[in-house]
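Here's the structure, in structure tokens; my notes come after.
The values are calculated or read from the model by the stated rules, or taken from the named source; none is laboratory data. Just so it is clear, the model here is predicted, and its values are computed rather than measured. In this analysis, Cβ positions are derived from the backbone assuming ideal geometry, glycine residues included, and neighbour counts consider all displayed protein chains. The area values use the complete protein model at the heavy-atom level, side chains included, leaving out ligands, DNA and RNA. Shrake-Rupley method; radii C 1.70, N 1.55, O 1.52, S 1.80 Å.
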Amino acid sequence: MKNNLAAIMGDRLVTITDVYKATGIARSTLVRLYYRREKNISLETLKTLCDYFGISLSDLIEYNPKTKQPI
């Protein structure tokens, strides 16, 4: 999985402080998400970020499953 928070923030010229002030999400959480260090992101945090940026979850988080070999 890949989160696109840094790219989205860069495109919109928004800082971590801006997001923190507007959403109330802890700065430490936002920093971990921004630098892709966060492993367990709560659904509430994802929803809040999607609402703030006006995007869908698939815009924020990309998931490309590994392909399975046929049996």
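Odds and ends about this structure:
- Per atom type, the chain shows carbon and sulfur on 53% of its accessible surface, probed at 1.4 Å.
- The orientation-averaged projection of the convex hull spanning the C-alpha atoms of segment 31-71 amounts to 4.1 square nanometres.
- Among residues other than residue 50 with Cβ under 13 Å from its Cβ, the summed charge is -2 (Lys and Arg +1, Asp and Glu -1).
- When the inverse distances between all different Cα atoms of the chain are averaged and flipped, the Kirkwood radius reads 12.9 angstrom.
- A helix-only calculation puts the chain at -14500 deg cm²/dmol for mean residue ellipticity at 222 nm, using -39500 (n - 2.57) for each DSSP H run of at least four residues, averaged over all residues.
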